[in-house]
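S.K.: Have a look at this one before I ask anything.
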Amino acid sequence: MAGPSAHGPEIGRFEEHLGRIGRALDEFGRFDRPDAVSRRDEWTRGLDVPLPVSGVGPDGVVDELLGIVVPNGARISDPGFWGFITTGPTTVAVGSATAAMLASPQRYTINAFNFIEELSLRWLGELCGLGPEMLGVYSTGGSVANLVGLGAARQWTLEKAGLDPAGDGLDGRSLAIYASTEVHHTVQRAAGVLGIGRRNVRAIPIDDRQRIVPEALREALTTDRAGGITPVAVVATAGTTNTGAIDPLRACGELAHEFGAWFHVDGAYGLPAVLDPRLAEDFDGLELADSAIVDPHKWLAAPVGVAATFVRDRSILHRAFTQEPADYLEGSFTAPDDIQSSMDHMGIPYSDFAVELSAPARGVQVWSIIREEGLEGLRERIRRDNDYARYVAERATDHPRLESLTEPQLSVACLRYTVPGLDGQALDVLNTRLLRRLIRETPFLPSATVVQGAYAIRPCFINPRTTWEHVEGFAERMVALGDELTSAE
Ligand SMILES: *Cc1c(COP(=O)(O)O)cnc(C)c1O
């Protein structure tokens with residue numbers, strides 16, 4: 001009997017299949033399903049079949065997708081999910097990404113998606129307070145975006161010494177990068193990949209608001225210069241992952257340039273907060289950045305898989321990341337002044353500005369988000385998220401059995417349940433248990449971090465589905481659970 005697979009895969013009927021999938025996602029988006037782990041046996045049994053010899057056909061797959069897979073998905077899109085710095089994407093962004101998968105499976109060739117790639121980068125840079133000279137390239141996330149920015153830094157620094165590190169290697173040079181103790185660890189990994197070395201990222205101390213101490217940065221730069229070590233880059237974080245702190249950008253940028261180093265701003269999470277007028281002073285000095293990154297898949301709620309690196313001069317990205325001309329690419333195109341078909345030219349060579357050749361047209365997601373909400377809509381959303389964190393911190397400060405461990409600069413609050421007389425370690429243990437109970441028993445899903453040695457429960461508000469109602473219930477639930485845990489002792 002000829003099964004459906006004998007005819008090859010379905011390549012049409014998008015309306016029918018996506019319509020069904022859309023209905024299931026709307027259902028999923030009511031967030032009233034049981035947690036996936038409560039039915040783990042059921043779905044693992046349903047899914048864990050031997051390698052299929054004959055296919056079930058497109059309708060069979062969509063049946064399984066909607067019957068077993070989607071209803072047992074992650075809780076990251078839930079309105080009460082505030083863990084790490086991640087969230088579920090918005091509707092139109094998912095739709096745009098889906099459309100691009102077929103209508104422009106790659107970001108290259110002369111077509112509307114390729115045009116939007118550049119247009120959305122320009123909009124995104126402007127939205128994030130970067131000057132019009134800052135041009136960008138998309139990549140998969142902050143990890144790669146930092147790698148690309150720091151690759152540019154390495155190229156620029158060593159070119160000044162007459163070297164081409166991307167072409168020839170490092171020539172035995174000792175290099176270092178400078179960042180606060182709070183820096184995202186993808187910076188260390190980037191240093192490793194770039195041959196600078198993870199251990200050559202100097203951990204500069206922070207002040208009581210988790211921001212880099214400029215005097216300590218100067219000291220580290222001075223010591224290294226005396227020791228013959230070349231400073232490649234100073235990394236300032238605009239919105240640290242732990243607490244949402246913004247390093248003093250002007251002081252960091254000026255020190256970087258005084259010591260001949262590149263100034264990189266990691267704004268993976270926080271850069272869009274430049275839209276909140278209350279934070280203007282905190283972003284002072286952003287214009288000194290030689291490179292800056294932002295993750296639309298964080299605060300802008302794009303589908304996961306999109307970050308942007310901006311640099312002042314994109315030719316440096318080309319020198320740092322080109323794969324060199326290849327017969328299988330360049331020979332298929334004509335000169336840029338002779339374009340008569342969309343297939344005559346690649347368009348802007350993004351694939352030579354970072355580390356991916358094949359890559360989706362990610363710009364359309366960013367374009368759709370900015371087009372849908374506009375600058376004012378996004379400003380509203382970011383302001384509201386910052387207000388959520390301030391509100392939670394204030395509630396914690398006002399409550400006798402809660403403590404706020406930070407004064408939120410952005411949309412991260414760090415708090416804990418306290419009991420008079422309990423020492424730090426006992427409080428850590430108590431709050432660790434409290435977090436587990438929150439996650440297992442309530443709709444509130446923050447994550448944790450450590451602030452000046454103290455374990456903190458840490459909601460990060462970037463979720464477009466979160467409302468005041470969710471936020472207001474959270475602190476109360478923490479108190480109730482804390483009371484329960486301590487009265488049971
Ligand atoms: C999230 C984050 C990163 C890493 O980004 P991914 O998209 O998860 O790879 C880097 N830096 C900062 C400050 C971040 O918050």
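What follows draws every value from the coordinates through simple rules; no lab data is involved. If you're wondering where the values come from, they're calculated on a predicted model, not measured in any experiment. Cβ placement follows ideal geometry from the backbone for every residue including glycine, while neighbour counts extend to all protein chains displayed.
S.K.: Grab the beta carbon distance between Ile21 and Val53, set R0 = 22 Å, and tell me the FRET efficiency rounded to 0.05.
M.R.: That gives a FRET efficiency of 0.25.
S.K.: What does the helix-only formula give at 222 nm for the chain: each DSSP H stretch with n ≥ 4 adding -39500 (n - 2.57), the total divided by the residues, and the result rounded to the nearest 500 deg cm²/dmol?
M.R.: Using -39500 (n - 2.57) per qualifying helix, the result is -13000 deg cm²/dmol.
S.K.: Kindly rank 50-56, 252-258 from highest to lowest mean number of other beta carbons found within 10 Å of each residue.
M.R.: 252-258, 50-56
S.K.: If you add up the charges near Ile177, with Lys and Arg at +1 and Asp and Glu at -1, over every other residue whose beta carbon is less than 11 angstrom from its beta carbon, what do you get?
M.R.: Net charge around Ile177: +3.
S.K.: Between beta-carbons, use under 12 Å as the cut-off and find the net charge around Gly363, counting Lys and Arg +1, Asp and Glu -1.
M.R.: Summing Lys and Arg as +1 and Asp and Glu as -1 gives +2.
S.K.: Could you list His184, His264 in order of exposure, starting from the residue whose Cβ has the fewest other Cβ atoms within 10 Å?
M.R.: Neighbour counts put them in this order, fewest first: His184, His264.
S.K.: Using a cut-off of 9 Å between beta-carbons, work out the net charge of the residues near Arg416 (Lys and Arg +1, Asp and Glu -1, Arg416 not included).
M.R.: -2
S.K.: By counting other Cβ atoms within 10 Å of each Cβ, how are Ser368, Ser291 ranked from fewest to most?
M.R.: Going from sparsest to densest Cβ surroundings: Ser368, Ser291.
S.K.: Between Arg198 and Ala488, what's the calculated FRET efficiency when r is the beta-carbon distance and R0 is 45 Å? Round to 0.05.
M.R.: Efficiency computed from Cβ-Cβ geometry: 0.55.
S.K.: May I pose another question? Just rank Asp247, Asp164, fewest to most, by other beta-carbon atoms within 10 angstrom.
M.R.: Asp164, Asp247
S.K.: HN-Hα J couplings of region 206-215 from phi, Karplus 6.51/-1.76/1.60, θ = phi - 60°, integer Hz, Gly and Pro as x?
M.R.: Each residue of region 206-215 in turn: 10, 8, 6, 10, 6, 10, 4, 8, x, 5 Hz.
S.K.: Determine the distance separating the Cα centre of region 384-418 from the Cα centre of region 155-196; give it in Å without decimals.
M.R.: Using only Cα atoms to place each centre, the spacing works out to 38 Å.
S.K.: Still on this structure: Can you tell me the order of 188-200, 405-417, 319-331 when each peptide is scored by its average per-residue count of other Cβ atoms within 10 angstrom, highest first?
M.R.: In decreasing order of mean packing, 188-200, 405-417, 319-331 become 405-417, 188-200, 319-331.
S.K.: When the Karplus curve 6.51 cos²θ - 1.76 cosθ + 1.60 is applied with θ = phi - 60°, which whole-Hz ³J(HN,Hα) does each residue of region 73-80 get, with x for Gly and Pro?
M.R.: Rounded to whole hertz, the list is x, 7, 9, 5, 8, 4, x, x.
S.K.: Give, rounded to the nearest 20 debye, the magnitude of the charge dipole that the chain has about its Cα centre when Lys and Arg contribute +1 at Cβ and Asp and Glu contribute -1 at Cβ.
M.R.: 860 debye
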